[in-house]
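Enquirer: One structure follows; several queries about it will come next.
Nothing in this text is a laboratory measurement; each read-out follows from the coordinates by a stated rule. A quick note: this is a predicted structure, and the numbers were derived from the prediction, not measured. Cβ placement follows ideal geometry from the backbone for every residue including glycine, while neighbour counts extend to all protein chains displayed.
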Amino acid sequence: MSDTEGGVGVAAAMEIDEVGDRAAAIVRNVETVISGKREAVTAALTVLLAEGHLLIEDVPGVGKTMLAKALARSVDCTVSRIQFTPDLLPSDVTGVSVFDQVSRRFEFKPGPVFANIVIGDEINRASPKTQSALLECMEERQVTADGTTYHLEQPFTVVATQNPVEMEGTYPLPEAQRDRFMARISMGYPATADELAMLAQRETASPLDSLEPVVSLAELRAMIETVQRVFTSEPVKAYAVDLARATREDRQLRLGASPRATLQLIRAAKAHAAMHGRDFVLPDDVDALAVPVLAHRLVPTSRAVGGHDHDGGPLIDQIVRRIVGETPVPVGSARRE
Amino acid sequence: MGPDRYPLTRAQSLALSGASLLLLLVATTALGPLIAGSGWWWAGAVVAVAVIGGGAALRAVRTPPSLVPPLELVVMLLALTLLFAGGTSLALVIPTAETFAVFGELTEGARRTIEQQSVPAIPVPALVFAITVGVGLIAVFLDLLVQTVRVPALAAIPMLVPVLVPGLFLAEGADAPALVLTAAAYLLLLRVDVRVRRAAELVQEDDRDDAPVVSAPKRAPIVSTMGASLGLAAIGLVAASVIAAATPSVSTSFLVGTGGPATLFARGVSPYVDLGRDLRRPEPVPAFSYVSPEGERPYFTLLTIERLEGQVWSATDRAVDGDNTLGTLPGPDGLDDDVLVEPRPIAVQVDQVRTAWLPVPYPTTEVSGVSGSWFWDQGTLNVRSVDSTTLGQQYRLTHLDVRPDVTQLRSAPVPSPGAVADATRRLPEDVPPIIAETAAAVTASAPTRYDAAVAIQAYLRGSDFEYSESAPVAEGYDGAGFDAIAAFLEQGAGYCVHFASTMAVLAREVGIPSRISIGYTAGTPGDGRVDDQIVIEVDSHDLHAWPELYFEGVGWVPFEPTPGRGSVPDYSRPNAGQTAPGVVPTGPAATPGATGRPEGDPDRALGGPGGTASAGAQAAQLGLIGLAVTLVLLLPAMIRIGVRAARRGGIRSGERPADAAWRELLATAVDLGLPVDPRRTVRGLAAELAERPAFRADPESPPGERVEARAALERVRDAVERERYGRVRGRDAAVDAESVAPAGAEDLERARRSALAADLEASSDALRADAPAVRRVAAVLLPGSLRPSARVAFGRPAPPGE
């Protein structure tokens, strides 16, 4: 523990305060495009720093794709975008081997998934088969084609957007696949003032065009490295486990949080702590991320759903908030010297 | 008070109010043995109903909780006005300046009556007023605890007052049924409280499906109620035993007292010692003056001592009989018609003596003109008050000049068994032998009881004894116990106290019922005249004690065994003429002589509550009881101070200084009644506290300017977060320490800890600064952070090293 004390001194990492500063710079940058959505922007960045994948779920036209693009542009890294359609094939995502007439060999043409940030637009419009192909990449961080394994470059983050499942022409993501996303956020409609500002801003051109990267790829990697070194004390880990356990035992939930959810909750909390310039995780970090990280993995009982939206979105959020409120915060001590 | 504070419905609030009212009314009955009748209880009940009912009504109309107790005090004032000063008020309940004057008089009267009455006390208006005020204040306090602070378990504290007070005056304490009923009412209150809490929780659970809100812990309140109840029961028991242990000699004479002379000679201080001490004072003080149209000059009795037992002789423990009001008194015991008796009117003007005992000659048949509530005592015909003093009294009396002749006395038969109080015949078994021997020797040749009495008087007035106020003190037998009498018989020197008590004891030895009267000799003619009558001045020089012996058919007749004092009655000198008045006046010749004249200050000596010795003793008792009660009331505050000191020690030298600082800060917040939810994070709680006005920047100040208190609060927050969840303790200090010597690391650590302590102070001060004064006082006296339910919020450190 002493060699990494304070999370400093390792070449690839970054001072914790600097992580906070850079994160703030990214958030500011994104907010020039999407105003009034601090929470969504922060959650998205948290997922990026925690090397997770983000699912943005909302009705069309509230800026899901804009957020994903703005985030990608703020970091100087490779970005690709896949517009999912019902006829999209798995190879359209992962890449395809084509026969090179010259070399007389099959050559792998990497698909759009070979990028640091992959924007999967309207992921639930694709067929389950194609969805699976992407989700496999997300989990494995590699692509296997014709017996050859191609590793994806770090960092690799998928920012998928989807419309609410009851919209026409959608294939709902199964629970198992939703579980692959570290967090799900929704944008919500903008406030009146923000909407007016948006109108003024976009009258002439897309503001995305003028968006400049504020963090280089190397810096992003250093930030991610630092996030991984953020310290999580035993009480906080126990707290995360308590929360997950509470979701499994809650009488309003049919499906609780998986152990993977617990793991991702802690990872996200580490990123959240680092973004606030802290080299240790607080229960507050866990609390702040409980809804985005846990809610999309949980399935309410039909009784609890009664009277609510079919997908139970807001209901699930409420249940998670209630569980967070009811679970006692640990008053433990840190590890002794 | 946080987690277990639900908004109550009106019905629930009413149920709590009803239970507290019941508890108060039942507990008040525990005072029953102290006060005669039941009118006082009804008065108290009216005020209790007004206060608690008024409080309930105020809450029903959504009055801010902090305003309810002050408004209840107003309601109490209105009720008191209605009950006690309706005539001086506007519309019966609105007090005027005159009302407060009446209240002032009642308070003064209550003070006096509490000092002067015995148990059971007669409920004179002043006493009822005092009880009613007390009940009203307890009602306000009770309502505050039950409804505002929402800690019904603490209701036991105010209930200790009516329950414990009887124990101070009565050996057996309050009635067992009253105690049992009070306990039952208390449990009922707790039960109602638990039900209310459960109902509130159920409501919240029902809400949960629709609008999940942060819900309350489910078991903690009940556990805390039980814990608090047990704790309070323990405190009550300890307090009761402390008071009992601390006031063994107080218990029968303090305040209301049980013995007749309790007031004059409270706390068992011998009247004789007081009398002697005051006889030795140099400056005479006028006591009273009187005019006797027929020139009669009797001894004036203040009180009569019948019981000669133990180290302290006292008047018979006889409660004031409320039926024995003035002005006609019964005829004296044992007086037959054939004894020459002449009624004599006397007008008395009291100057400076202040006592609850009215100076009247024995036997007096009529007293008129005294103000206050005065009662005569069966047998001794002493006249005493329960609510006023002699000071400034002007009254007229008629007293019987009893002039028996020697033959009648000599032929008096053995008194029949029921003729006089047993106490006047009884002698303890361990009387020193010299007393019996002396009695036998002195009366050996006396053929009759009368002759024996005359012989004893002659013996004491003889050359074997001399009057000395200093000898007994010097030789260590001052006072009136049997040991003192034995010493007096051996030494042969003493003053009136010794002569009187010795004669009384010797008389009992030979079978004559006897008692000792304390009062004044006849006094000295002064310069003044009223209606051509010489005004006779009685001053402190005339303070005296004398024996009275009982002869069947004649009654109690005084003797004068003290040489140089008073006058020897004619009937006690069988060889002289016997037609003179019973008590021959002494003239100015009785002024101080070589040995014969006491000098003193009876005004102080028998000044009752105003007197130095007894007043001092009483003040000491009051102080003791006050101290004990204060200690009990301050117990929570003291525990809180101890806890705070322990936490400060933790900040200075503990393993987890920031944790100690944080818990202390939260405890302060809980004390001040701020909500502290145990399930919230450090950061969340800090953010909530930071919302308090004292932590916010002045709206006028430039944006971004930070209030120092807020910065301090955030530093404490960061420290505790780092300590609880950070990588290692004191990382910053450790990093900094690398650049300085190892010795510097310790200094840094110390500096860090003292900075933490300073930040804690700054944040706590800011919290206090925000709170209203009432809250601050409550935070000191009834710190909510001591409640078990509150302690779990911040007082439970996880096992270290996990």
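Enquirer: What does the charge count near A:Val79 come to, summing +1 for each Lys or Arg and -1 for each Asp or Glu among other residues with Cβ under 9 Å from its Cβ?
Expert: Residues near A:Val79 contribute +3 overall.
Enquirer: In addition: Could you work out, residue by residue across B:717-726, how many beta carbons of other chains sit within 10 Å of that residue's beta carbon, and then give the average as an integer?
Expert: Average neighbour count from other chains, rounded to a whole number: 6.
Enquirer: Where is the GNM fluctuation largest for chain A (alpha-carbon springs, 10 angstrom cutoff): A:Ala271, A:Ala200, A:Ala244?
Expert: The residue with the greatest mean-square fluctuation here is A:Ala200.
Enquirer: Charges only on Cβ, +1 for Lys and Arg, -1 for Asp and Glu: so what's the dipole of the stretch A:58-137 about the Cα centre, in debye to the nearest 20?
Expert: So the dipole magnitude of the stretch A:58-137 works out to roughly 100 debye.
Enquirer: Follow-up question, since we're still on this one. What distance in nm lies between label points placed 7 Å from Cα along the C-beta direction at B:Leu634 and A:Glu212?
Expert: Using points 7 Å along Cα→Cβ, the separation is 7.1 nm.
Enquirer: Need one value for A:320-330: mean number of C-beta atoms belonging to other chains within 10 Å of its residues' C-beta atoms.
Expert: Per residue, the average neighbour count from other chains is 5.
Enquirer: Continuing with the same structure: Between A:Gly95, A:Gly20, A:Gly61, where does the largest GNM mean-square fluctuation fall for chain A, given springs only between Cα atoms within less than 10 Å?
Expert: So, out of A:Gly95, A:Gly20, A:Gly61, the one fluctuating most is A:Gly61.
Enquirer: Which order, highest average first, do B:81-87, B:554-560, B:414-420 follow once you tally other Cβ atoms within 10 Å for each residue and take the mean per peptide?
Expert: Packing order, densest peptide first, comes out as B:554-560, B:81-87, B:414-420.
Enquirer: Let me ask something else. Near A:Lys37, which lysines are there with a Cα under 26 Å away, not counting those fewer than 8 places off in the same chain?
Expert: A:Lys64, A:Lys69, A:Lys270
Enquirer: Write out the GluC sites (Glu not before Pro) in the stretch A:192-222 meeting two conditions: DSSP loop, and at most 12 other Cβ atoms within 10 Å of their Cβ.
Expert: A:Glu203
Enquirer: Which listed residue (A:Gln101, A:Ser35, A:Met66) has the Cα farthest towards the positive end of the charge dipole for the stretch A:1-226, taking +1 on Lys and Arg C-beta and -1 on Asp and Glu C-beta about the Cα centre?
Expert: A:Gln101
Enquirer: Still on this structure, please answer the following. Work out the mean other chain Cβ neighbour count within 10 Å for the residues of B:657-664 and drop it here as an integer.
Expert: Shielding by partners across B:657-664 averages 1.
Enquirer: Given +1 on the Cβ of Lys and Arg, -1 on the Cβ of Asp and Glu, and no further charges, what dipole in debye does the stretch A:230-330 carry about its Cα centre, rounded to the nearest 20? Don't skip to the answer; put the middle values down first.
Expert: On the way: 13 positive and 12 negative charges, 62 e Å.
Taking the Cα centre of the stretch A:230-330 as origin, the dipole is about 300 debye.
Enquirer: While we're here: Please sort B:441-449, B:67-75 by packing, taking for each peptide the average over its residues of neighbouring beta carbons within 10 angstrom, highest first.
Expert: By packing density, highest mean first, the sequence is B:67-75, B:441-449.
Enquirer: If you don't mind, there's one more thing I want to ask. Work from the charge dipole of chain A (Cβ charges, +1 for Lys and Arg, -1 for Asp and Glu, about the Cα centre) and give the residue of A:Pro128, A:Pro86, A:Ser216 farthest towards its positive end.
Expert: Comparing the listed Cα positions along the dipole, A:Pro128 ranks first.
Enquirer: Placing unit charges on C-beta atoms (Lys and Arg positive, Asp and Glu negative, everything else neutral), compute the dipole magnitude of chain A about its Cα centre in debye, rounded to 20.
Expert: With only Lys, Arg, Asp and Glu charged at Cβ, the dipole is about 640 debye.
Enquirer: Sorted by packing (mean other beta-carbon atoms within 10 Å per residue), highest first, where do B:635-645, B:287-297 land?
Expert: In decreasing order of mean packing, B:635-645, B:287-297 become B:287-297, B:635-645.
Enquirer: Restricting to bridges with both residues inside chain A, how much of the DSSP beta-bridge set is antiparallel, in percent to the nearest 5?
Expert: Counting only bridges with both partners in chain A, antiparallel ones make up about 40 percent.
Enquirer: Here is a follow-up. Compute a Gaussian network model of chain A, connecting alpha carbons closer than 10 Å, and tell me which residue from A:Glu107, A:Glu39, A:Glu139 fluctuates the most.
Expert: The residue that fluctuates most here is A:Glu107.
Enquirer: At 222 nm, what helix-only mean residue ellipticity would chain A give, in deg cm²/dmol to the nearest 500, using -39500 (n - 2.57) for each DSSP H run of four or more?
Expert: -13500 deg cm²/dmol
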